[in-house]
1. Given the condition modelled with pLDDT of 95 or more, more than 18 Å from Met219 (Cβ to Cβ) and buried (at least 24 other Cβ atoms within 10 Å of the Cβ), answer yes or no: does some residue in the range 149-166 qualify?
2. Where residues in the range 94-111 are assigned to a loop (DSSP other than H, G, I, E, B) and away from the ligand (no atom under 12 Å from the Cβ), which of them is least open to solvent (accessible area, probe 1.4 Å)?
3. Can you tell me how many residues in the range 57-81 are assigned to a strand (DSSP E or B), within 11 Å of the ligand (Cβ to nearest atom), open to solvent by less than 30 Å² (accessible area, probe 1.4 Å) and not hydroxyl-bearing (Ser, Thr, Tyr)?
4. Would you point out the residue of the range 219-246, among those that are more than 30 Å from Met89 (Cβ to Cβ), of a type outside the set (Phe, Trp, Tyr) and crowded, with 16+ Cβ neighbours inside 10 Å, that is nearest to the chain's Cα centre (by Cα)?
5. Looking at the range 183-216, which of its residues are charged (D, E, K, R) and either away from the ligand (no atom under 13 Å from the Cβ) or more than 15 Å from Thr165 (Cβ to Cβ) (or both)?
6. Taking only pairs six or more apart or across chains, which ones have beta-carbon atoms under 7 Å, a first residue in the range 57-73 that is closer than 20 Å to Ser212 by Cα and in contact (Cβ under 8 Å) with a residue 12 or more places away in the chain, and a second residue that is more than 10 Å from the ligand (Cβ to nearest atom) and in a loop (DSSP other than H, G, I, E, B)?
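The values are calculated or read from the model by the stated rules, or taken from the named source; none is laboratory data. In this text, all values refer to a predicted model and were calculated from it rather than measured experimentally. Neighbour counts are summed over all protein chains in view; Cβ atoms, including those assigned to glycine, are modelled from backbone coordinates with ideal geometry. Accessible surface is based on the protein model in full, side chains and every heavy atom, while ligands, DNA and RNA are left aside. Shrake-Rupley method; radii C 1.70, N 1.55, O 1.52, S 1.80 Å.
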Amino acid sequence: MKKTLSLILASSIGLMSLFGCAVPSGTGAAAGQGANAQAAEGSEGAKGSGEVLVMATNAEFPPYEFYDGNTIVGIDAEIAQAIAEDMGMTLKIEDMAFDSVIASVQTGKADIGVAGLTVTEDRLQNVNFSDSYADSSQMIIVAEGSEVDEPDDLEGRTIGVQLGTTGDIYAEDIEDATIERYNKGMEAIQALSQGKIDAVIIDREPAKVFVSQNTGIRMLDEEFTVEEYAIAVAKDNEELLTKINKSIASLKSSGKLQEIVDKYITAE
Ligand code: GLN
């Protein structure tokens, strides 16, 4: 019940920002939250570059999507670029708030949502998902020396999450927990470092990046959830979904997908 409610809320906030409340691009006031668009690097002159494939993302999620200067890079950006090339299309990346990504695919503002998007039953009510291209999990980050040592210790604690993510949705099941929602995962990490919250629940690879960039925090070993990432496509666009699945299959069999992952994630 609770979960459904939060999803309805999340998607209506998403729609609000699509229809009128979006921050204009170029204000610099809300980097990563406005309507920044980027034509993919090297896409000029790509074969069949006439047709544009618009990708919705939230570039606050290293190593999947993040800014390198003014360019959005990362595993998702490169996978989408490879898929676009395979389909003879030109990729255009639109950066927006995470909780607008699904809504923008649903309303046709974007063709695909590629944002480390976890496949969930609730999201499947609104969009279709491609075959999975990565597995993930929600992990727990705490301050060094915290008494929180495993998921069960989260009971009654104050937990930071990124608004509208699966971390947000599943944190609601923790008994007596207070949930603090942030627009960016990094903001939750900052609140943790400042002692404002007891833990952050966030996806595994971004968790590793954030822990490596900040002193005094650590990631617990035990996974909070196990998830799979896939590309979101509008329900009425079966043709695109079929093409994307074909491209994903060929990226997997050619080893290109693994090559992209290895560029951003060093094996332990
Ligand atoms: N995997 C999480 C989700 O789909 C978080 C994704 C993100 O923050 N970009 O909700």
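1. Yes: the range 149-166 contains one or more residues that are modelled with pLDDT of 95 or more, more than 18 Å from Met219 (Cβ to Cβ) and buried (at least 24 other Cβ atoms within 10 Å of the Cβ).
2. For the range 94-111, the residue satisfying everything is Ala110.
3. 2
4. Looking only at the range 219-246, we keep the residues that are more than 30 Å from Met89 (Cβ to Cβ), and these are 219-226.
Cutting the leftovers down to of a type outside the set (Phe, Trp, Tyr) gives us 219-223, 225-226.
Those left that are additionally crowded, with 16+ Cβ neighbours inside 10 Å: 219-220, 225.
Values: Met219: 19, Leu220: 21, Thr225: 16 Å.
Among residues in the range 219-246 that are more than 30 Å from Met89 (Cβ to Cβ), of a type outside the set (Phe, Trp, Tyr) and crowded, with 16+ Cβ neighbours inside 10 Å, the one nearest to the chain's Cα centre (by Cα) is Thr225.
5. Lys196, Asp198, Lys208
6. Listed by first residue and then by second, the contacts come to Ala59/Gly32; Glu60/Gly32; Pro62/Gly74; Pro63/Gly74; Pro63/Ile265; Tyr64/Gly74; Glu65/Gly74.
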